[in-house]
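None of the figures in this text is laboratory data; all of them are computed from the coordinates on show. All values reported here derive from a predicted model rather than from experimental measurement. As a convention, Cβ positions derive from the backbone with ideal geometry for all residues, glycine included, and neighbour counts pool all protein chains shown.
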Amino acid sequence: MRHPLVMGNWKLNGSQQLTADLINGLRDALADVQGCKVVIAPPALYLTQAVAAVEGSEIGVGAQNIDVNLSGAFTGETSAEMLKDIGVRYVILGHSERRTYHHESDELVAKKFAIMKQQGLIPVLCIGETEAENEAGKTEEVCARQIDAVITAQGVDAFKDAVIAYEPVWAIGTGKSATPAQAQAVHKFIREHIAKQNSDVAQQVIIQYGGSVNDKNAAELFGQPDIDGALVGGASLKADAFSVIVKAAAAAKA
Ligand SMILES: O=C(CO)COP(=O)(O)O
């Protein structure tokens, strides 16, 4: 039995005020909700504040990126060890925005994934095809390649207690979500691809959908058997919309 995970990726948005208000709003709205793990991923600068503000609640805190090194002469970076030190447990890895704007390769992302596992942290590996790749019928090929980079380097067991977020690039921030059937087909492919190596790992790995998830379309997405939650961008910046998404996941997977 997989427990759903709904995670909010704030990207480069927020302030001290928003962090305080949003976490207060979520604590109120989600106080009685059970059966769905909730994690918020604010910008690195607000992580310490967020960790303190969620204390005593079930809300977890994640980061949006790490460096491949744990410490040393790497100006401007943040390490997995430091995140662990302040109480962060999850990190989003290989988001398409980092792959595009920071040229992160499958191999680099796999190295970051390995560091997360070594530190006992939970990687949230983002995969997904661009619009052009989708139109060229390459969705499965791209997802398999991005997953195989981790399997080749670390073996399929690396996905034990890890999270995959399928985020078709064409659905991110566009308001054009994949349909539940489209997303389910890719999630099923991802699970079967991992099952070729180890069916137990495939059955327990959390596969989130991401890309224009909102309070209106969440319930139908979570109704699909292989969609185990969501990685939410825009709608995670509003406590009311994000809470509706969390409640939809808890209800769908109860
Ligand atoms: O990139 C995303 C989450 O990581 C999705 O963003 P949106 O929900 O804004 O489309």
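Taking region 157-173 as the range and being within 12 Å of the ligand (Cβ to nearest atom) and either part of a helix (DSSP H, G or I) or farther than 12 Å from residue 210 by Cβ (or both) as the test, the residues that pass are 169, 170, 171. Restricting attention to region 146-156, and to residues there that are of a type outside the set (Val, Ile, Thr) and surrounded by 14 or more Cβ atoms within 10 Å (Cβ to Cβ), which single residue is nearest to the ligand (Cβ to nearest atom)? Applying the filter and picking the extreme gives 146.
Only one residue in 208, 204 is touching a residue at least 60 places away in the same chain (Cβ under 8 Å), polar (S, T, N, Q), near the ligand (Cβ under 10 Å from one of its atoms) and at negative phi. Which one?
208
Checking each residue in region 207-220 for being touching a His at 6+ places or on another chain (Cβ under 8 Å) and among the hydrophobic types (A, V, I, L, M, F, W, C) picks out only 207.
For the condition under 28 Å from residue 18 (Cα atoms), surrounded by fewer than 19 Cβ atoms within 10 Å (Cβ to Cβ) and among the small types (Gly, Ala, Ser), residue 79 qualifies.
Restricted to region 171-193, and to residues there that are of a type in the set (A, V, I, L, M, F, W, C) and within 20 Å of residue 37 (Cβ to Cβ), the residue that is surrounded by the fewest Cβ atoms within 10 Å (Cβ to Cβ) is 190. If you go through region 1-46 and pick out every residue that is out of contact with any helix residue (DSSP H, G or I) (no Cβ under 7 Å at 6 or more places or on another chain) and in a helix (DSSP H, G or I), you end up with 8. Within region 242-254, restricting attention to residues that are surrounded by fewer than 19 Cβ atoms within 10 Å (Cβ to Cβ) and of a type outside the set (Lys, Arg), the residue that is nearest to the ligand (Cβ to nearest atom) is 244.
Within region 53-90, being in contact (Cβ under 8 Å) with a residue 40 or more places away in the chain, aliphatic (A, V, I, L, M) and out of contact with any Ser or Thr (no Cβ under 7 Å at 6 or more places or on another chain) holds for 68, 80, 88.
Residue 48 meets each of the listed conditions (1) away from the ligand (no atom under 16 Å from the Cβ); (2) in contact with a Phe, Trp or Tyr (Cβ under 6 Å, 6 or more places away or on another chain); (3) β-branched (Val, Ile, Thr) apart from (2).
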